[in-house]
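Sharing a structure here in structure tokens format.
The values are calculated or read from the model by the stated rules, or taken from the named source; none is laboratory data. Since the structure is predicted, the reported quantities are computational estimates derived from the model, not experimental observations. Quick reminder, even Gly has a Cβ in these numbers, built from the backbone with ideal geometry, and neighbours come from all protein chains shown. These accessible areas exclude ligands, DNA and RNA; they are computed on the full protein's heavy atoms, side chains included. Shrake-Rupley method; radii C 1.70, N 1.55, O 1.52, S 1.80 Å.
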Amino acid sequence: MHPLCAASDITEQQSKGFDIDGREVFAVRKNDKLYVYENRCPHRGVPLEWMPDTFLDPDKQFIQCATHGALFTIDAGLCIAGPCNGTSLEPVKFDIIDGQLCIAPR
Ligand code: FES
């Protein structure tokens, strides 16, 4: 498992991006649950955020791709609007170990 940060660093409705040796992932917390996805839009395969650590739409209800505006549910990574409607972000397996958010290798 690879540590990303303290799990408590990601607060409610906040998101945070990480680059681990070229592998880009991001974490988001909603309803006190953490979710981690590969930072790759299923439409064009590009990173999602428009500014560092900014993966959510203005209302913080969905994950939003900055390139063409696709919206993804936070809890399932399912695209519900935009050019890749019906596709999904790739979830990343993770665990909280001694308070650290850790992801499994690919
Ligand atoms: S690259 Fe993400 S919506 Fe087009």
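Which of rounded, prolate or oblate describes the stretch 41-95 when judged by the alpha-carbon gyration tensor and an a/c cut-off of 1.5? Spell out each step's value before the answer.
Values: a/c = 1.26, a/b = 1.06, b/c = 1.19.
The shape class here is rounded.
What residue among 66, 76, 27 has the largest mean-square fluctuation in a Gaussian network model of the chain, using Cα springs under 10 Å?
76
Shape verdict for the chain, please, from the Cα gyration tensor: rounded (a/c under 1.5), prolate (a/b greater than b/c) or oblate. Could the numbers behind the result be given before it?
Values: a/c = 1.84, a/b = 1.47, b/c = 1.25.
Prolate, because a/c is 1.5 or more and a/b exceeds b/c.
Starting from the residue with the highest accessible area, list 106, 44 in decreasing order, probe 1.4 Å.
The most accessible residue leads, giving 106, 44.
Let me ask something else. Under a 1.4 Å probe, what is the accessible area of the chain per residue, stated in Å²?
Heavy-atom accessible area per residue stands at 55 Å².
If you don't mind, another one. Show me, for the stretch 98-104, the HN-Hα J-couplings you get by feeding each phi into the Karplus relation (A = 6.51, B = -1.76, C = 1.60, θ = phi - 60°), rounded to Hz, glycine and proline as x.
Using θ = phi - 60°, the values come out as 6, x, 9, 7, 10, 10, 6 Hz.
Please report the relative contact order for the chain, taking Cα pairs under 8 Å with a sequence separation of at least 6, and give it as a percent rounded to a whole number. Intermediate values should be presented prior to the final figure.
On the way: 220 pairs, mean separation 28.8, N = 106.
Relative contact order for the chain comes out at 27 percent.
Also, I was wondering about something else. Specify the residue with the greatest mean-square fluctuation among 24, 38, 49, computed from a Gaussian network of the chain linking alpha-carbon atoms under 10 Å apart.
Top of the fluctuation ranking is 24.
List the chymotrypsin sites (Phe, Trp or Tyr not before Pro) within the stretch 1-98 that DSSP assigns to loop and that have no more than 15 neighbouring Cβ atoms inside 10 Å.
When the chymotrypsin sites (Phe, Trp or Tyr not before Pro) of the stretch 1-98 are filtered for loop state and at most 15 Cβ neighbours within 10 Å, 50 remain.
Also: Using alpha carbons only, how many angstrom separate the centre of the stretch 1-30 from the centre of the stretch 57-106?
Each part reduced to its Cα centre gives a spacing of 11 Å.
Follow-up. Report in % the part of the accessible area of the chain that belongs to carbon and sulfur, leaving out ligands and nucleic acids; probe 1.4 Å.
Numbers: 2830 of 5800 Å².
Accessible surface attributable to carbon and sulfur in the chain totals 49 percent.
Among 78, 48, 56, whose mean-square fluctuation peaks in a Gaussian network model of the chain (Cα, cutoff 10 Å)?
Maximum among the listed residues: 78.
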